[in-house]
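I have placed the structure first, in the form of C-alpha cells, so that the comments after it can refer back to it.
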Amino acid sequence: MSPEKGQGKEAAEKEERRFVWNLRPRTLNEYIGQGRMVENLGIAVSAARERGEPLDHILFHGPPGLGKTTLAHILASEMGTRITHTSGPALEKPVDMVGILSNLDFGEVFFIDEVHRLPHAVEEYLYSAMEDFQVDFVYGKGAYAKTLPYQLKPFTLIGATTRAGLLSAPLRDRFGMVYYLDYYSLEELTQVVQRSASLLGVTVPEEGAAEIARRSRGTPRIANRLLRRVRDYAQVKEGGVITLDIAREALTREGVDGAGLDRLDRLYLNVVVERYGGGPVGIEALAATLNEEVDTLADVVEPFLLKMGYIVRTPGGRRIGEVALRHLGLRPDEAGQGRLM
Ligand code: ADE
C-alpha cells in the first residue's frame, strides 16, 4: 500500500471512530441495554453522591464495542467530576502512573483501558494507591534506597478489559464492583440504531433498524458504524430512507452477511474447515494462516463466534460448530473436503 493510501485509510478510520463516539449516550438514562448493571451503577452513583464520597473502583470486562469506555465517561459525568483517560500499554514506567495519580483531585475518575496490558512494575503501584490512596516514592538505589509514602486524594479507578482472565488476582481483588458486559439483544440494538438515526436526522422504519441490528454482532459500536454505511447508501438510492431492502443491499455490499458475519469471520471459519479439517486447531496456527494478530482473533473475532456456537473451544483448540457448517452450507461429513476454497 502506498503511504498516501495508508494515511487515507487511517484518516477515514479516525473519522469513523469520531462519528461513532459522538453518538454515545451521555447519561445512564440514555443508556440502552445492560439493564441490571446500569441500575446498580445508578444506585452506586446516588449513594456516593449523597455521602459526598468517590465511587468505588469499578472493573468492566467483556468484548470490544459494548460500552465499557462510554460507561466510564458517563460515570464521571454523573458524579460531576473529571476523567483522566489512558490505557495499560501507554503507562510504560511507574513514573507515568505516579504522575497521573498524584495529579488526581478528590473524587476524580482515572480510567485505564486495556488494564490487562499494564506492565507489572507499573501495576504494582496501583495496589496501595487503590487500597489506601497512597504510593511509595523510591529515592536512591540499592542499599541506600529510601521509600517515602505519598498520600493521594481519594479517587475512582475504572478499569476496562476484554480479557479479565489475564488480570492478576491482586489487581482484580481491589475492584469493589466488577461487571461483565454481554452482547446486546436484537431489541436493544434496534433501539440503539433508532436512537442514533434520530440524532442524525435519518428516517429509519423499524424493519430497517432491525436489519442493521441483526447484522451487528450484538455490538452497538458495529451497529452505529453500519448505520453510517447504510445512511450513505440510502441517501444515494432511496432519498435517504433506510428501508429493509436498502439495509439488506447496503450491508451485503459491505461484506456483512445476514448473520452479521464479516469477511474476516467467514475467512476464519473457512480456514478451520478447509485447512484444518474442522479442527481442533490452535489459535497461533489460525493467526499465522490468516496473517492476523493472535490478539485480534482472541479479542475481536472469536468471542462472537463462540457465543453463537460457530466455533467450540476444546482442550485441543478450536473446532467448527454445527451452526457454522449450516451457515456455510456444509454437512458435518463435508468439513475438510475442499469445497469452500
Ligand atoms: N450508542 C452506543 N451504545 C449505546 C447504548 N448502550 N445506548 C444508547 N446509545 C448507544
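Read the figures in this text as sums done on the coordinates, not as results from a lab. Remember, predicted model here, so these are calculated numbers, not experimental data. Methodologically, a virtual Cβ is constructed for each residue, glycine included, from the backbone with ideal geometry; neighbour enumeration extends over all protein chains shown.
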Which of the GluC sites (Glu not before Pro) found in the range 230-314 are loop residues per DSSP with 11 or fewer other Cβ atoms within 10 Å of their Cβ? Glu293
For the range 125-137, Karplus couplings with θ = phi - 60° (6.51, -1.76, 1.60), whole Hz, Gly/Pro x: 5, 6, 4, 6, 5, 6, 7, 10, 6, 9, 10, 9, 7
What are the semi-axes of the equivalent ellipsoid for the chain, taken as the square roots of 5 times the Cα gyration tensor eigenvalues, largest first, in whole Å? 39, 27, 18
By how many nm would the segment from Thr296 to Ser46 lengthen if fully extended, with 0.36 nm per residue of separation less the alpha-carbon distance? 86.2 nm
What number, in percent, do you get for the relative contact order of the chain if the mean sequence gap of Cα pairs under 8 Å and at least 6 apart is divided by its residue count? 15 percent
Among 109-116, 167-174, how do they line up from the highest to the lowest mean number of other beta-carbon atoms within 10 Å? 109-116, 167-174
If you take the charge dipole of the range 263-334 about its Cα centre, with +1 on Lys and Arg Cβ and -1 on Asp and Glu Cβ, which of Leu330, Gly317, Ile283 is farthest toward its positive end? Leu330
Normalised by the residues of the range 263-334, what does the relative contact order come to in percent, with Cα pairs under 8 Å and at least six apart? 31 percent
Rank Ala287, Ala247, Ala72 by mean-square fluctuation in a GNM of the chain with C-alpha springs under 10 angstrom and give only the top-ranked residue. Ala287
Identify which of Thr86, Thr314, Thr190 has the largest mean-square fluctuation in a Gaussian network model of the chain, with springs joining Cα atoms closer than 10 Å. Thr314
Which value in Å is the Kirkwood Rh of the range 182-269 over different Cα pairs? 12.5 Å
Give the lysines reachable from Lys68 as a straight Cα distance under 20 Å; neighbours fewer than 8 places away on the same chain don't count. Lys14, Lys307
Per 0.36 nm of contour for each residue apart, how much would the distance between Arg18 and Lys93 grow if the chain were fully extended, relative to their Cα-Cα spacing? 24.1 nm
